[in-house]
């Protein structure tokens, strides 16, 4: 029995991604600019960071639910 390949969502198919505000480059933010979002093209979900660049976890691009916990030590610079 074979499993069909799971299609990976793209940003334009994500209502959550489309509702976020453009920040810089491929980064988006919320209205308060206290969280930053980056599309994960490998998994088709959204990586979430706080304003200090600390990883908060991974968000489902369709529901907005957090689906994976933070990765300890993962950090981005948004300055």
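Every number here is computed from the coordinates shown, using simple stated rules; none is lab data. It should be emphasised that the depicted structure is a prediction, and the values quoted were computed from it without experimental measurement. All Cβ positions, glycine included, derive from the backbone under ideal geometry; neighbour counts span all protein chains shown.
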**Study point:** the chain - percent relative contact order, Cα under 8 Å, separation 6 or more
**Key:** 21 percent
Revision key, fill the gap. What the 10 Å binned alpha carbon P(r) of region 26-69 shows, as percent of pairs per bin from 0, is 30, 61, 8
Practice item. Would you work out the relative contact order for region 26-69, in percent, from Cα pairs under 8 angstrom that are 6 or more residues apart? Key: 24 percent
Exercise for review: Note the full-extension length gain between residue 32 and residue 54 as 0.36 nm times their separation in residues minus their Cα-Cα distance, in nm to one decimal.
Suggested key: 6.3 nm
Check your understanding: Which FRET efficiency value, to the nearest 0.05, do you get for residue 65 and residue 10 by plugging their Cβ-Cβ distance into 1/(1 + (r/R0)^6) with R0 = 25 Å?
Key -> 0.85
Exercise for review: Sum -39500 (n - 2.57) across every DSSP H segment of at least 4 residues in the chain, then divide by the residue count to get the 222 nm mean residue ellipticity, nearest 500.
Suggested key: -1000 deg cm²/dmol
Review point. Ranked highest first by average number of other Cβ atoms within 10 Å, how do 67-77, 47-57, 12-22 line up?
Key: 47-57, 12-22, 67-77
